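Okay, structure first, notes after.
The values are calculated or read from the model by the stated rules, or taken from the named source; none is laboratory data. Fair warning: this is a prediction, and the values are worked out from it, not measured in the lab. Please note: Cβ atoms are built from the backbone with ideal geometry, for glycine as well, and neighbour counts cover all protein chains shown.
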Amino acid sequence: MNDVPPEIEKARLSDAISALKIRDFRRFWFAGLVSNSGGWLQGIASPFIMYQMTESGTWVGVSVFALMIPMALVGPFAGPLADRLSRRHILLVCEIFLGIIAISNAVFWWSGVREPLVYVGINIIYGFANGYALPAWQAYVADLVPRDVLMNAITLNSTQFNAARAIGPSLGGVLLAVSGPGWAFLGNGISFFLVFFTLLSLPATAPSPLAGRKDSQLSQFAKGWAYAKTQKTIITGYIAAGLVAILGAPLVQVHIILFSEKIFEVGEFKFGLLMSTYGIGAVMIAPWLAAFGTRFKKSSLLITSLALYGCGELLLASTKIYYVGLLSIFLVGCAHLVMATTTNTTLQLFVPEPVRGRVMAMYLMVFTIGAPLGSIIQGPLADQFSPRWVVAIMGCLFLVAATLFAISGRATAFDFDEART
């Protein structure tokens, strides 16, 4: 396995956007920003209407579970499919389906449908379609840039997603306050069609060397897992991702709406601002991480991010002051970006090319299984014991996890590159 490329080791602020100099990637990046911002319009409208209809954290958790579990279920098929077929063609089909599904949310809401199960059902269909789009989206990045800037493109792709976390909820909060949830759903639907037309203008991908393979997708997936489970670095990344998904993801998906309604007692706009602060924290820490992250061991970044996640959640649980809540969500956003980027980069550098797609597909599956699992557990607990107590316990568990990673030496598996240099 090769050492970390010198251009990554020497990365500075001036190098942080080098991949955007490539025209096709730049257009794809901005299309992704539009699409993910639209996704967050729906991301705040969906829990908002679910709580308005039911006044139940359990139902909010169920809606998240229905959205994300299908994404995990199709992972063993979607990952290998993205290696066999044209990723651009997969995305073109998925964008059309996702756009229609998102607009159907708006149509049902404007038609006066107020049955929670209807929207849960739409979330299930949406999740299946998104599950096929996500691996193709991640892999298509590699089709648009040369290998020497691939890591920069991956980092920018992550930054774009988190920038959307800042933009989408802010716009969504305004739309909820001024026009209602239907317009947020419609905005998400329109964003998919904008991406569709951008993809039409991008180059077709070359035929995959796996296109002629006769073995099943499940067989390919099983071989990828057989390799991954023998590698401590990969398993460490999966464990860290699982912790963030189960303990941390419900903060955004379930608890922010509960804190807005029950603790801070604020309206739609401030709810949207609270959601967007998560993305703002991630975007603001990203340039520092790109410029100076390589000066620190990856194990240190991993442990610190888990601890910061816990501190942010404990701060949120300890306050009834809205602006202190904003600060706590900002800290969690910073922690998430550091953890996700460190883990993603470590896995990308560690795994050999033939199993890269399947290893990363499993990494994404950890999130798409863990997040709804955490939501379906934490939603009812928040109804029973209050969201403050649940978030406080999750914060403590984060600090315990960070301590165990440090004293057990598990995190040092991320330092494989430093150990060889």
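Before moving on, here are some points about what is shown:
- Within segment 267-287, the presence of at least one residue that is surrounded by 20 or more Cβ atoms within 10 Å (Cβ to Cβ) and out of contact with any Gly (no Cβ under 9 Å at 6 or more places or on another chain) is confirmed.
- Selection status of Ala102, buried (at least 22 other Cβ atoms within 10 Å of the Cβ), in a helix (DSSP H, G or I), within 20 Å of the chain's Cα centre (by Cα) and among the small types (Gly, Ala, Ser): yes
- Extreme residue, nearest to the chain's Cα centre (by Cα), among residues of segment 171-186 that are surrounded by fewer than 22 Cβ atoms within 10 Å (Cβ to Cβ) and in a helix (DSSP H, G or I): Leu171
- Just one of the listed residues (Ala129, Ala142) is assigned to a helix (DSSP H, G or I) and over 30 Å from Lys21 (Cα atoms), and it is Ala129.
- Positions within segment 122-149 being under 19 Å from Leu347 (Cβ atoms) and free of Cβ contacts under 8 Å to residues at least 60 places away in the same chain, in sequence order: Ala136, Ala142, Arg147
- Among the conditions (1) at pLDDT below 80; (2) buried (at least 17 other Cβ atoms within 10 Å of the Cβ); (3) not hydrophobic (A, V, I, L, M, F, W, C), Arg87 misses just one, which is (1).
- Matching helices (runs of 4 or more DSSP H) fully within segment 352-420 where at least 3 residues are modelled with pLDDT under 85: 356-385, 416-420
- The lone exception for Arg358 - which of (1) crowded, with 23+ Cβ neighbours inside 10 Å; (2) within 21 Å of Ser260 (Cβ to Cβ); (3) of a type in the set (Lys, Arg) it fails: (2)
- Count of segment 62-92 residues which are over 20 Å from the mean Cα position of the chain (by Cα) and within 17 Å of Gly39 (Cα to Cα): 1
- When segment 105-126 is filtered for residues that are β-branched (Val, Ile, Thr) and part of a helix (DSSP H, G or I), the ones remaining, listed by number, are Val107, Val118, Val120, Ile122, Ile124, Ile125.
- Restricted to segment 301-337, and to residues there that are among the hydroxyl-bearing types (Ser, Thr, Tyr) and touching a residue at least 24 places away in the same chain (Cβ under 8 Å), the residue that is surrounded by the most Cβ atoms within 10 Å (Cβ to Cβ) is Tyr309.
- Taken as a whole, segment 286-295 holds no residue that is over 15 Å from Leu251 (Cα atoms), at pLDDT 80 or above and in a helix (DSSP H, G or I).
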